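The values are calculated or read from the model by the stated rules, or taken from the named source; none is laboratory data. This one's a predicted model, so the numbers in the text were calculated from it and none came from an experiment. Neighbour counts run over all protein chains shown; Cβ positions are idealised from the backbone, glycine included.
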Amino acid sequence: MLHAADGSALWVPETTVALLERAAREWPGAAALVCGEERLDYGEYHRRVTLLAGRLAALGVAGRHVAIVLPNGIEIALALFAVQAAGAATAALNPDYTAAELAPILAQVRPAVTLTTADRFATIAALLPPGSVVCTMAQLDGPVAALAAVDPESLAVLQFTGGTTGVPKGVMLTHSAVATNVAQREAVLPTVPGDERVICMMPLYHSFASAMCLHLAAYCGGTLHILPRYRPDWVLDCIQAEAITRLPAGPTVFNSLLGFDGLRRDRVASLRCAYSGSAPLPQDTLDRWEAATGVPIYEGYGQSEAGPVLTYHGPGMATKQGSVGPALPLTELRIANGAGTGEILARGPQVMNGYLDRPEETAETLADGWLHTGDIGRIDSDGYLYVEDRKKDMAIVGGFNVYPREIDEVLMRHPAVTEAGAVGVPDSYRGEVIWAYVAAPGLDEASLAAHCAASLVRYKHPARYRFLDALPRTPVGKIDKQALKAMARAEQAEDANVT
């Protein structure tokens, strides 16, 4: 049983589809989706989702996977709910991914249908086997099948996350896991039913945006204002013009807005709060934001494997510097081996079933019934979690997980590169950026950057390339990533001293 701050019982939906069904029933005429000039109320939102779901069901998607490769807009919101209403699992993918990045993911998904845009149609069709259905939303116009009730324990989401092997892994989340996590979040970060306006400039294929924008708005019957992408002037114009009440974003957005001349208290006066997630929020950013705007930022922690939210500070709670808050209700956290500082383990109803077709990695990650997060931290006597490091080789660039191993493999595909090692390096704006160290006689930076651009989405591009005669190696002959990170830190310190 989950309870609201006033002690009353909270509604816990059984499926993600139930979120929209209740909103359409209780607030049919309320504004639901806004993007540019297009606006839908909840009655029309639900009608379009149901129609789209019926057409997908007629294509036989129930019990299968549907890939969604769409940019931010009304269409992706409709598609995310419709696929799940049709009894299929969504595999929402970055529409900016290159063909090289999409190919291994689509091979794992084996989608019954892929929904995309006209400009990506040919690229994606070429990556799929003959007979696979690829269409734009406008082309999905055919017979409509009756919809069966959705099983709460059926697969709702395939969320792809990178891996230390360089191959993305599909996190399998049931309807029950995702829907329960929405209610767990509501218990800590309560909304006002029928009176919320949420801005979403984060990409809706990302788990943080789905949880803290799409599902949050539907739970409370609020209005979701979708921006095609982030621009500070667009964000502030939208907040002011539409009286936005909730601002979910990553630390990079808060840093960007703080550096933007147009940020004034009167432009954000409607905000009740902001939510930070997807990457650690520096204390300096939090302090400067609250001083400049008067708007509190509530910070949390999670990952795709956890539905995605595990902890959050909320209104009325004590805030502790450096902490990401206590565990959500129904969630348990502990440190491996009972250590003061060690790997963070979690369990709760929001945790994944496992990785798609990865039984060994699933067994390792869910060993002994606990999710092994791969993050290092500690828990204080009040149950507040502090995340201090990462066990796995990963960087968080502007809120996106980037696995250096994937970049290593792209670099090594260049015929002139004999050795390569990519590492995450601290950055005051993006949290971390990638530096690439290579041994590549006669190769220039521009050629290597062009090579990476052909295979990697922009946020994975190395921010700096450093050419060495040979890369440092460990005693067993592996490239020494810790030595490379030390070299990067030394260069950053030298740059700071010069400036």
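This table checks each residue for (1) touching a residue at least 60 places away in the same chain (Cβ under 8 Å); (2) over 19 Å from Gly300 (Cα atoms); (3) over 14 Å from the mean Cα position of the chain (by Cα).
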{"position": "Asp195", "(1), (2), (3)": "no, yes, yes"}
{"position": "Ala211", "(1), (2), (3)": "yes, no, no"}
{"position": "Ala218", "(1), (2), (3)": "yes, yes, yes"}
{"position": "His225", "(1), (2), (3)": "yes, yes, yes"}
{"position": "Asp233", "(1), (2), (3)": "no, yes, yes"}
{"position": "Gln240", "(1), (2), (3)": "no, yes, yes"}
{"position": "Leu247", "(1), (2), (3)": "no, no, yes"}
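One line per residue, one yes/no per condition, for (1) touching a helix residue (DSSP H, G or I) at 6+ places or on another chain (Cβ under 8 Å); (2) under 18 Å from Pro168 (Cα atoms); (3) charged (D, E, K, R); (4) buried (at least 16 other Cβ atoms within 10 Å of the Cβ):
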residue: Glu305; (1), (2), (3), (4): yes, yes, yes, yes
residue: Pro308; (1), (2), (3), (4): yes, yes, no, yes
residue: Tyr312; (1), (2), (3), (4): yes, no, no, yes
residue: Lys320; (1), (2), (3), (4): no, no, yes, no
residue: Ala327; (1), (2), (3), (4): no, no, no, yes
residue: Gln350; (1), (2), (3), (4): yes, no, no, yes
residue: Tyr355; (1), (2), (3), (4): yes, yes, no, yes
Filter result for the condition that a residue is outside any loop (DSSP other than H, G, I, E, B), touching a residue at least 12 places away in the same chain (Cβ under 8 Å), farther than 14 Å from His65 by Cβ and not polar (S, T, N, Q), over Pro143, Pro104: Pro104
Every residue from region 357-374 that is surrounded by fewer than 20 Cβ atoms within 10 Å (Cβ to Cβ) and either at pLDDT below 95 or not in a loop (DSSP other than H, G, I, E, B) (or both): Pro359, Glu360, Glu361, Thr362, Ala363, Glu364, Ala367, Asp368, Gly369, His372, Gly374
Considering residues of region 317-352 that are among the small types (Gly, Ala, Ser) and assigned to a strand (DSSP E or B) only, the residue farthest from Thr180 (Cα to Cα): Gly342
In region 450-484, residue farthest from Tyr437 (Cα to Cα) [restricted to those that are surrounded by fewer than 17 Cβ atoms within 10 Å (Cβ to Cβ) and among the basic types (Lys, Arg)]: Arg458
Residue match in region 242-249 (condition: part of a loop (DSSP other than H, G, I, E, B), farther than 20 Å from Tyr429 by Cα, among the aliphatic types (A, V, I, L, M) and in contact with a Cys (Cβ under 8 Å, 6 or more places away or on another chain)): yes
Extreme residue, nearest to Thr365 (Cα to Cα), among residues of region 306-316 that are out of contact with any Gly (no Cβ under 7 Å at 6 or more places or on another chain) and assigned to a loop (DSSP other than H, G, I, E, B): Gly307
Selected residue (only one of Gly431, Gly421 is buried (at least 16 other Cβ atoms within 10 Å of the Cβ) and on the phi > 0 side of the Ramachandran plot): Gly431
